[in-house]
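A quick write-up on the structure given underneath.
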Amino acid sequence: MSKSEVVFGLHSVQALLKSAPQRVLELYCLQGRGDQRLQKILKLAETQGVSVQSMGRTKLDVLADGENHQGIAALCRPGQVHDEGFLFQRLAELNHPPLLLVLDGVTDPHNLGACMRTAEAAGVDVVIAPKDKSAGLSPVARKVACGAAEVLPFVPVTNLARTLKKLQESGIWLVGAAGEASASVYQSDLKGPIALIMGAEGEGLRRLTRETCDFLVNIPMAGTVSSLNVSVATGVCLFEAVRQRAL
């Protein structure tokens, strides 16, 4: 069991069957459930030659560690672990200005999953995060990502400051989101090769990360709330970049 992963949730399992069916060892379906959404996934599994077993709710709940599995879970081989070498190889292969998302110490797997989902929808090329003191791509993060974690590369790095410096040297602008920034995200140029850097829940960007950024941007706040959830703020900033790039 230690050499396998559990992926659960309708979107996540469907994305896994589409992108990497060879990883699936077993597919478990909730006994007695036969709605249309689930049938679509079971049909896809059959097409890909993946065997399906019925499982009672209690066992499926245990497999999903008590999370909302939506009646489907897959036991699978671990996916490819990406590293810094992969990151720079990926950048060299792109034929458009890179759009990267860097999460500087996001620790909640629900927030990581939501950021991955938003990033994939915005056309981000790679998501980067430090290996230590950060959420990884756990089953919960994958479920919240709604399939994005199966198709969008996630690169955990040992030394984030060093990786950011190397990104700068390769011509990528580092844009940090910070409440104290003097320029708003709407006034800033996000059209070129950029890495948008979002800070951790509560603490924001770490000092060294902030100092490494080429410039900082804020999200103008009109109400009494002083900050947004990191996944919401990520969506605001990424889709402003998308808007600018489409002009």
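Quick rundown of the values:
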| item | result |
| --- | --- |
| Alpha carbon convex hull of segment 136-184, projected area averaged over orientations, nm² | 5.5 |
| For the chain, with +1 on Lys and Arg beta carbons and -1 on Asp and Glu, the positive-most of 182, 172, 87 along the dipole | 87 |
| Equivalent-ellipsoid semi-axes of segment 1-83, from the Cα gyration tensor, Å, largest first | 19, 16, 11 |
| Accessible surface, segment 92-145, averaged per residue in Å² (probe 1.4 Å) | 38 |
| Rounded if a/c under 1.5, otherwise prolate or oblate - the chain, Cα gyration tensor axes | prolate |
| Within-11-Å neighbourhood charge of residue 144 [Cβ basis; K, R +1; D, E -1] | +1 |
| Net charge dipole size for segment 82-143 [Lys, Arg +1 and Asp, Glu -1 on Cβ; Debye, nearest 20] | 240 |
| Reduced Cα scattering model of segment 128-214, Debye log10 I(q)/I(0), q = 0.17, 0.25 Å⁻¹ | -0.85, -1.34 |
| Cα gyration tensor shape for segment 181-247, rounded if a/c is under 1.5, else prolate or oblate | oblate |
| Accessible heavy-atom area order of 158, 118, 163, 107, highest first, probe of 1.4 Å | 158, 107, 118, 163 |
| Rh by Kirkwood over Cα pairs, then Stokes-Einstein D for segment 1-139 at 1.306 mPa s and 10 °C, µm²/s | 96 |
| Partner lysines for residue 166 [C-alpha distance under 23 Å; skip if fewer than 8 residues away on the same chain] | 131, 133, 191 |
| Segment 1-106, dipole about Cα centre (Lys/Arg Cβ +1, Asp/Glu Cβ -1), debye to the nearest 20 | 480 |
| With DNA, RNA and ligands ignored, accessible area of residue 65 (1.4 Å probe; Å², nearest 10) | 130 |
| Rounded to the nearest 10 Å², the accessible area of residue 11 at probe 1.4 Å | 80 |
| Portion, in percent, of the accessible area of the chain that falls on carbon or sulfur, probe 1.4 Å | 51 |
| Segment 173-247 - accessible surface per residue (Å², probe 1.4 Å) | 53 |
| Stretch in the chain that is longest and holds no trypsin sites (Lys or Arg not before Pro) that DSSP places in a loop and that have at most 16 other beta carbons within 10 Å | 34-130 |
| Extended-chain gain in nm, criterion 0.36 nm per residue less alpha-carbon gap, residue 189 and residue 94 | 32.2 nm |
| The chain, dipole about Cα centre (Lys/Arg Cβ +1, Asp/Glu Cβ -1), debye to the nearest 20 | 520 |
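The values are calculated or read from the model by the stated rules, or taken from the named source; none is laboratory data. Just so it is clear, the model here is predicted, and its values are computed rather than measured. Virtual Cβ from ideal backbone geometry, glycine too; neighbours counted across all protein chains shown. Accessible surface areas use protein heavy atoms only, side chains included; no ligands, DNA or RNA. Shrake-Rupley method; radii C 1.70, N 1.55, O 1.52, S 1.80 Å.
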